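Some notes on the structure that comes next.
The values are calculated or read from the model by the stated rules, or taken from the named source; none is laboratory data. This one's a predicted model, so the numbers in the text were calculated from it and none came from an experiment. With ideal geometry, Cβ positions are generated from the backbone for all residues, glycine too; neighbour counts draw on all protein chains shown.
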Amino acid sequence: MYMEDRKMSDGFALIESAIRVWHNQGYSKAAVLTLLICDILHNLADEVKYIWRSKWTFVKTMYLLARYYGVALVLAMMIGKILLQFPGCE
């Protein structure tokens, strides 16, 4: 009987730990998104001047993908988490 209680206790502890990690990841994603947006806004004038107005090249494409992929990824993860929490938000 003691082993079954211990296994159940370990299972609950594992679930509690997973929920805590999942919750904290939401804060981390929000912090990363905030930093990325601040960086983009801070450098926007130079980016428009030197990148957006130049002709399309492979380097420009790679720069823009690297620059905005992180923002798109974090937004997608945050939206996915919201949809998982509230299944009625389809």
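Can you say whether A66 is assigned to a helix (DSSP H, G or I) and exposed (fewer than 11 other Cβ atoms within 10 Å of the Cβ), as far as the supplied structure shows? Considered against the rule, which asks whether it is assigned to a helix (DSSP H, G or I) and exposed (fewer than 11 other Cβ atoms within 10 Å of the Cβ), A66 comes out as yes.
Of the listed requirements (1) assigned to a helix (DSSP H, G or I); (2) touching a Lys or Arg at 6+ places or on another chain (Cβ under 8 Å); (3) at pLDDT 90 or above, G26 misses just one: (3). With respect to the conditions (1) under 29 Å from I82 (Cβ atoms); (2) basic (K, R); (3) exposed (fewer than 11 other Cβ atoms within 10 Å of the Cβ), R53 lacks only one, and its number is (1).
Can you confirm whether region 70-78 contains a residue that is surrounded by fewer than 12 Cβ atoms within 10 Å (Cβ to Cβ), at pLDDT 80 or above and of a type outside the set (K, R)? Checking region 70-78: at least one residue is surrounded by fewer than 12 Cβ atoms within 10 Å (Cβ to Cβ), at pLDDT 80 or above and of a type outside the set (K, R). With respect to R53, determine if the residue is of a type in the set (K, R) and either touching a Pro at 6+ places or on another chain (Cβ under 6 Å) or at pLDDT 70 or above (or both). Judged against the criteria, R53 is a match.
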